[in-house]
């Protein structure tokens, strides 16, 4: 291998390594979904992934570490899809509706991974990655902060505590999403998505109107 070939060689190796890592993650998700986390072994995952023992342990030291990384991958995917949808939005209403829609679209596209996220948030294997998860969440919030701050300052969204804001935005959608991945949703998906986007937007808009001078909340206070 000549010096000029070295960058391509290492790039191909890195790509192959990343592909193998993803195959292992995909296999783990299939095993966890089919067998349950507790019953799944690293041997089960290795066999389904078609990986060698050395390869699987090169990427992940234990089943718990693998599961934690799978969880983080799911969160990254959800955040990326939501942020992309938000940043493409031209109006405040479009942005709020886009966030709800992007979240539900992700859940429908990734039902097994979404079910894993719902079930495993407080699993013991999450403890070592809590710091990384917090950093990911903080980065996602900071990325969206300017969009929201401009609309709060401009009087287009109410200024409320972030946890309450997220509950209004995602609470009903998350409830439906849990039923969706459990196969218990009774409403047509597209109809549910429209209704839940309506609920988020009109809840925030109504709260904003109540807080305006002369609004009902202003009189009640």
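Assorted remarks:
Per-residue answers, yes or no, for (1) assigned by TED's automatic domain parsing to the domain that holds residue 154; (2) closer than 29 Å to residue 144 by Cβ; (3) exposed (fewer than 14 other Cβ atoms within 10 Å of the Cβ); (4) touching a helix residue (DSSP H, G or I) at 6+ places or on another chain (Cβ under 7 Å):
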{"position": "33", "(1), (2), (3), (4)": "no, no, no, yes"}
{"position": "70", "(1), (2), (3), (4)": "yes, yes, no, yes"}
{"position": "91", "(1), (2), (3), (4)": "yes, yes, yes, no"}
{"position": "101", "(1), (2), (3), (4)": "yes, yes, no, yes"}
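- The stretch 190-217 - residue that is farther than 11 Å from residue 158 by Cβ and touching a helix residue (DSSP H, G or I) at 6+ places or on another chain (Cβ under 6 Å) and, of those, modelled with the lowest pLDDT: 216
- Where residue 42 falls short, out of the listed (1) within 22 Å of residue 130 (Cα to Cα); (2) surrounded by 15 or more Cβ atoms within 10 Å (Cβ to Cβ): (1)
- Number of the condition not met by residue 221 [criteria: (1) at pLDDT below 95; (2) crowded, with 16+ Cβ neighbours inside 10 Å]: (2)
- Residue under evaluation residue 128, criteria (1) surrounded by 13 or more Cβ atoms within 10 Å (Cβ to Cβ); (2) in contact with a helix residue (DSSP H, G or I) (Cβ under 8 Å, 6 or more places away or on another chain); (3) in a helix (DSSP H, G or I), criterion not met: (1)
- Sole exception among (1) surrounded by fewer than 16 Cβ atoms within 10 Å (Cβ to Cβ); (2) part of a helix (DSSP H, G or I) for residue 86, by number: (1)
- Criterion applied to 180, 141 was being modelled with pLDDT under 95, surrounded by 11 or more Cβ atoms within 10 Å (Cβ to Cβ) and under 23 Å from the mean Cα position of the chain (by Cα), and the one residue passing it is 141.
- Looking across the stretch 58-68, just one residue is surrounded by fewer than 14 Cβ atoms within 10 Å (Cβ to Cβ) and touching a helix residue (DSSP H, G or I) at 6+ places or on another chain (Cβ under 8 Å), and that is 62.
- Selection within the stretch 144-177 - surrounded by 14 or more Cβ atoms within 10 Å (Cβ to Cβ), in contact (Cβ under 8 Å) with a residue 24 or more places away in the chain and more than 15 Å from residue 97 (Cα to Cα): 158, 160, 176, 177
- Pair list, Cβ under 8 Å, 6 or more apart: the stretch 1-26 residue loosely packed, with under 10 Cβ neighbours inside 10 Å, other residue modelled with pLDDT under 85: 1/9
- Residue within the stretch 47-54 that is touching a residue at least 24 places away in the same chain (Cβ under 8 Å), outside the structural domain of residue 166 (by TED's automatic domain parsing), over 20 Å from residue 122 (Cα atoms) and in a helix (DSSP H, G or I) present: yes
- Residue within the stretch 124-138 that is more than 24 Å from residue 66 (Cβ to Cβ) and free of Cβ contacts under 8 Å to residues at least 40 places away in the same chain present: yes
- Checking residue 169 against (1) modelled with pLDDT of 95 or more; (2) under 15 Å from the mean Cα position of the chain (by Cα); (3) under 30 Å from residue 66 (Cβ atoms), the condition it does not meet: (3)
The values are calculated or read from the model by the stated rules, or taken from the named source; none is laboratory data. All figures in this text were calculated on a predicted structure; none of them were measured in a lab. All Cβ positions, even for glycine, are placed from backbone atoms using ideal geometry, and neighbour counts span all protein chains on display.
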